[in-house]
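To keep things clear, I will list the structure first and then write my remarks on it.
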Amino acid sequence: MTVKVRMAPSPTGNLHIGTARTALFNWLYARKTGGQFIMRIEDTDLERSKPEFEADIIDGFEWLGIDWDNEHLYRQTERTDLYRAKLRQLLDEGKAFEKHYSSEEKAAMVREGRNPRDSIIVLKEPDEGTIGFDDTIRGHIEVDARRDVGLVSLAKDLDTPLYNFAVVVDDIDMAITDVIRGEDHISNTPKQLLIYRALGAPPPRFAHLPLILGPDRSKLSKRHGATSVSEYRKDYLPEAMVDFMAHLGHTYPQDIMTRDELIAGFDLAKVHKSGAIFDRAKLEWTNAQYLKMMPSNSFKELIGHPELPDEAVPLMTERLERLSDVGNFSYLWKDPSYDASLLTWKNDEPSRTLKALSDVALLADRAALTQDDLDLLAADHFDGQKGSVYWPLRIALSGLKNSAGPVEIASIIGPERTRERITSAITKLRT
RNA sequence: GGCCCUGUCGUCUAGUCUGGCCUAGGACACCGGAUUUUCAUUCCGGUAACACGGGUUCAAAUCCCGUCGGGGCUACCA
């Protein structure tokens, strides 16, 4: 039987890192096995579901390069006929019934700030016994059907199905073979198994992924900082994001791997059982690796400076971890502003700085600046102190204490702007 | 509280099923060094872990039992 998996996000928030990682594992599994990957929006919670969240989720998956095989996105709100029919069937067969609330129970709902209602459709409880399943990742899991599972709520009424029920009906209808989801769903599984049983359908295989954790080892959430994929887009490359997430809870032979390698090496047997902390430092390192590998044109396009020469690219990428820091290299396309006092190296006299800059200006008038010429200048007139020559030039060209080499910068911005910036530095020094 | 999942360096992990090759390997981070006009890159080197206690065995990170720790779930959310 060919594999068919699904991702079922609910549009009650932006695309969460944890959701993205679950989707990635499903996707990797489908691509590896030559199966299908289905995307289904679980919007049964009418009050919290929002179109803008759905848009953010779809957008995020596209950015990550996680594509699905169903042409039309499934939405549970568009499938209520199916749920109603199945609900009727269960009711008719006596496998489910309408539970009416007492006035005390309704009063309790009001106290808890919920909307009170008269009744709810629930599954008939099993008489006794255990209910279990073989988790692909964790092995056999079994609980007491009566004591531990509790009442299984199916729907608020015929037209408003609840999560556990809608999921099962859909997974049966779509012939899902493997349900790969977060560990937080383990306790839902017995409930869903009971629903499969009531509906007379064989359950799929289940695989529960370890959770992505915050630094304190609790489930990654807002209080740990940015949790939505959209917040990472300004800083990280999608390839880096995918590579990093694929390594959280899965063993791969290397840190940096292409998407095809990630697919080829994916194996549910290599998925771990315990949670993994989302380590920002490792993500940044991963991103830096991808930045260095990026083709020059793509990089220039990405940062919005296609006019830059190719040699400017490695100068930036070997110093960049977060994309949003690209502004640190604005001196490559914009004259810097800085304080004149910065121009003088260590304990040099300002007059020495002035002489250095003047001598370099003479050099720059004749030809493009080279390391050899500057070294020679330092050797002949500055006691071999390269800093006396290079430092003022660096500041003049970049305005920064830490920058790429002055000669490299000069080559990138060209002789004209180099001369202008040196002249401007000399002027600053004199006033 | 109850039920369930889980436990190797600070972090991601190899090794655990099939005990010996493990004086526990790699990567990130961190620290030190080399290169050097600054930063960075690169290259070398270093600190650092089998949660604990029993058992089984010639031999245990690996098998068994217990303890402790961490997490998830406990909705008329998903």
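No value in this document is a laboratory result; all are computed from the given coordinates. Being a predicted model, the structure only gives us computed values, none of them experimental. Quick reminder, even Gly has a Cβ in these numbers, built from the backbone with ideal geometry, and neighbours come from all protein chains shown.
Descriptive notes on the structure:
- Exactly one residue out of A:20, A:30 is touching a helix residue (DSSP H, G or I) at 6+ places or on another chain (Cβ under 8 Å), over 18 Å from residue A:160 (Cβ atoms), away from RNA strand B (no atom under 11 Å from the Cβ) and part of a helix (DSSP H, G or I), and it is A:20.
- Hits in region A:28-52 - residues which are under 30 Å from residue A:264 (Cα atoms) and among the small types (Gly, Ala, Ser): A:30, A:34, A:35
- Selection of region A:166-185 for residues being among the acidic types (Asp, Glu) and part of a helix (DSSP H, G or I) yields A:170, A:171, A:173, A:183, A:184.
- None of A:424, A:388 is touching a residue at least 24 places away in the same chain (Cβ under 8 Å), small (Gly, Ala, Ser) and within 15 Å of RNA strand B (Cβ to nearest atom) except A:388.
- Elements of type strands (runs of 3 or more DSSP E) contained in region A:80-140, each with 1 or more residues being more than 15 Å from residue A:155 (Cβ to Cβ): A:130-135
- Helices (runs of 4 or more DSSP H) completely within region A:202-290 that count 3 or more residues being more than 20 Å from residue A:320 (Cα to Cα): A:259-265
- Looking across region A:366-403, just one residue is more than 21 Å from residue A:319 (Cα to Cα), surrounded by 20 or more Cβ atoms within 10 Å (Cβ to Cβ) and among the hydroxyl-bearing types (Ser, Thr, Tyr), and that is A:388.
- Residues that are touching a Pro at 6+ places or on another chain (Cβ under 8 Å), assigned to a strand (DSSP E or B) and within 9 Å of RNA strand B (Cβ to nearest atom) within region A:141-157 comprise A:143, A:155, listed in sequence order.
- Residue in region A:99-117 that is surrounded by 18 or more Cβ atoms within 10 Å (Cβ to Cβ) and within 11 Å of RNA strand B (Cβ to nearest atom) present: no
- Among the residues of this structure, residue A:191 counts as one that is crowded, with 19+ Cβ neighbours inside 10 Å, within 12 Å of RNA strand B (Cβ to nearest atom) and either of a type outside the set (A, V, I, L, M) or closer than 19 Å to residue A:44 by Cβ (or both).
- Test: residue in region A:337-347 that is over 30 Å from residue A:232 (Cβ atoms), within 13 Å of RNA strand B (Cβ to nearest atom) and within 41 Å of the chain's Cα centre (by Cα): yes
Let's see how each residue does on (1) farther than 29 Å from residue A:431 by Cα; (2) touching a residue at least 40 places away in the same chain (Cβ under 8 Å); (3) in a helix (DSSP H, G or I):
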| residue | (1), (2), (3) |
| --- | --- |
| A:300 | yes, no, yes |
| A:313 | yes, no, yes |
| A:320 | yes, no, no |
| A:324 | yes, yes, yes |
| A:330 | no, no, yes |
| A:335 | no, yes, no |
| A:341 | no, no, yes |
| A:346 | no, yes, no |
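- Per-region count, region A:226-263, residues more than 9 Å from RNA strand B (Cβ to nearest atom) and either in contact with a helix residue (DSSP H, G or I) (Cβ under 7 Å, 6 or more places away or on another chain) or under 20 Å from residue A:9 (Cα atoms) (or both): 24
- Whichever residue in region A:404-421 is within 13 Å of RNA strand B (Cβ to nearest atom) and buried (at least 20 other Cβ atoms within 10 Å of the Cβ) and, among such residues, is farthest from residue A:366 (Cα to Cα): A:404
- Count of residues meeting criterion [under 26 Å from residue A:207 (Cβ atoms), among the small types (Gly, Ala, Ser) and surrounded by 15 or more Cβ atoms within 10 Å (Cβ to Cβ)] in region A:133-164: 2
- Of residues in region A:1-17 being more than 19 Å from the chain's Cα centre (by Cα) and not in a strand (DSSP E or B), the one surrounded by the most Cβ atoms within 10 Å (Cβ to Cβ): A:3
- Every residue from region A:144-201 that is charged (D, E, K, R) and in contact with an Asp or Glu (Cβ under 7 Å, 6 or more places away or on another chain): A:146
- Selected residue [in contact with a His (Cβ under 7 Å, 6 or more places away or on another chain), away from RNA strand B (no atom under 12 Å from the Cβ) and at negative phi] from A:359, A:380: A:359
- Subset of region A:81-103 (residues that are under 20 Å from residue A:150 (Cα atoms) and charged (D, E, K, R)): A:95, A:98, A:99
- Of all residues in region A:33-63, those satisfying the criterion of being assigned to a loop (DSSP other than H, G, I, E, B), on the phi < 0 side of the Ramachandran plot and in contact (Cβ under 8 Å) with a residue 12 or more places away in the chain are A:35, A:42, A:43, A:44, A:45, A:46, A:48, A:49, A:50.
- Per-region count, region A:272-308, residues β-branched (Val, Ile, Thr) and near RNA strand B (Cβ under 9 Å from one of its atoms): 2
- Qualifying residues in region A:353-365 (those that are touching a helix residue (DSSP H, G or I) at 6+ places or on another chain (Cβ under 6 Å) and small (Gly, Ala, Ser)) - the one surrounded by the fewest Cβ atoms within 10 Å (Cβ to Cβ): A:361
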